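The values are calculated or read from the model by the stated rules, or taken from the named source; none is laboratory data. Computed from a predicted structure; not experimentally measured. We place every Cβ from the backbone using ideal geometry, glycine too, and count neighbours over all the protein chains shown. Side chains are part of the model used for accessible areas, which takes the heavy atoms of the whole protein and leaves out ligands, DNA and RNA. Shrake-Rupley method; radii C 1.70, N 1.55, O 1.52, S 1.80 Å.
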Amino acid sequence: MDYSDLLRGFKRYCLIERGMTPRNYFYIVRCLKMLSNYSKTENVKKLNEGVIREFLSDMSQQRAWAPKTYRLYLQNFSSFFKWCLKIRAVEKNPCEKIEKPKLPKRLPRCLSKEQSLNILSAVCWHPWRYSFEKARNEAMITMFLFTGLRLQELLNLKISDVNLETCEMFVKEGKGRKDRIVPIHPRLAIVLRGYEQECKKRNKFSMWYFTGIHSDKPLNAKATREICRKVSVTSGVKFTPHMLRHTFARLSIDADLNLFKLKEIMGHSDVSTTQIYLSVSTEGIKRSFNNLSLI
């Protein structure tokens, strides 16, 4: 049986039974198409362990794949063939015996507290064209630094998700389609109130929290990265939205925030993911070490 004949059932399995996002489903299909083109066959029984090993090896060399990319392709193939095994389209999962390469243990790139303050100062002093633009960009950068939201989570926020009365924001379907509630820091609340007042002055009544200057449509990722680039130039500190997320985690641990509480705020599925920030948090370690009675 050809893999293309199975895609309808596999799509239903991914999107409904597994609750996978359409984006992840289409990425798996794209990987399967690459494997099919490489091996010149769509027959799932001919896409065996040897073919998959050869494909992964050749692609790794030709495209200089990082170990993470190799693992991702292997994982996508395995997800498809596990399903094929369930419906008895194949007799075994050809990916089962293929080992994943080890990932290098890289620390997340974070900014220092001083660099973060420079960024917050720069976003205020940058010559933005409109007062709304200034208020929005300041609110956005401050939100990244005080909540650790992912880029798409921030852009998906609606007016109804941000409650300044209770100082909480509702993040709907973050990574892994998980909802969570994120506390709003008092310093962030001040900035957000200023932004919301500016929205009212300009009669901005969009359902989205962060919008374009001349439209009620949500701000997009490209525009957000461009704002960060401009602030990077003004502040002299090069950063990305995701670096601000890492920075929030590091500064929170430096301030002795409980690791399990930080896990919930950041939307991690496992505390082991949050633990990596212990390696880049120096202030908390220094304080604990200086309080030791060694001799």
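Keeping every protein chain present and rolling a 1.4 Å probe, give me the accessible area per residue for segment 1-90 in Å².
Details: 5440 Å² over 90 residues.
Using a 1.4 Å probe on heavy atoms only, each residue of segment 1-90 averages 60 Å².
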- Which one of R202, R88, R229 has the biggest mean-square fluctuation once the chain is modelled by GNM with Cα springs under 10 Å? R88
- Angle in degrees between helix 67-86 and the longest Cα principal axis of the chain, rounded to the nearest 10: 50
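Over segment 105-240, with the other protein chains present, what is the accessible area per residue in square angstrom, probe 1.4 angstrom? Don't skip to the answer; put the middle values down first.
On the way: 7730 Å² over 136 residues.
Dividing the accessible area of segment 105-240 by its residue count gives 57 Å².
Quick check on my link table: of K45/K175; K113/K134; K172/K263, which ones sit more than 26 Å apart, alpha carbon to alpha carbon?
Check vs 26 Å cut-off fails for K45/K175.
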- Query: Carbon and sulfur: what percent of segment 205-248's accessible surface (1.4 Å probe)?
  - Reply: 60
- Which residue, L188, L219, L15, tops the fluctuation ranking in a GNM of the chain built on C-alpha contacts under 10 Å? L15
- Query: Taking only Cα atoms, what is the 0 to 90° angle, nearest 10, from helix 131-147's long axis to the longest principal axis of the chain?
  - Reply: 60
- Task: Enter the Cα centre distance for the pair segment 1-45 and segment 81-156, rounded to the nearest angstrom.
- Result: 26
- Message: Tell me the angle of helix 221-235 to the major Cα principal axis of the chain, expressed in degrees between 0 and 90 and rounded to the nearest ten.
- Response: 50
- So the FRET efficiency between I295 and N163, C-beta based with R0 = 51 Å and rounded to 0.05, is 0.45
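Take the cross-link list K11/K100; K40/K82; K200/K261 and give me the ones stretching past 27 Å between alpha-carbons.
Working: K11/K100 25 Å; K40/K82 22 Å; K200/K261 34 Å.
Correct reply: K200/K261.
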- GNM flexibility winner over the chain from R180, R23, R225 (Cα, springs under 10 Å): R23
- Message: Can you list residues from other chains, or at least 5 along the same chain, whose modelled amide H is less than 5 Å from the amide H of G174?
- Response: D179, R180
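Heavy atoms only, probe 1.4 Å: what % of the accessible area of segment 52-179 goes to carbon and sulfur, would you let me know?
On the way: 3590 of 7540 Å².
Looking at segment 52-179 in its full context, I get 48 percent from C and S.
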- Task: Treating only the Cβ atoms of Lys and Arg (+1) and Asp and Glu (-1) as charged, compute the dipole magnitude of the chain about its Cα centre; round to the nearest 20 debye.
- Result: 560
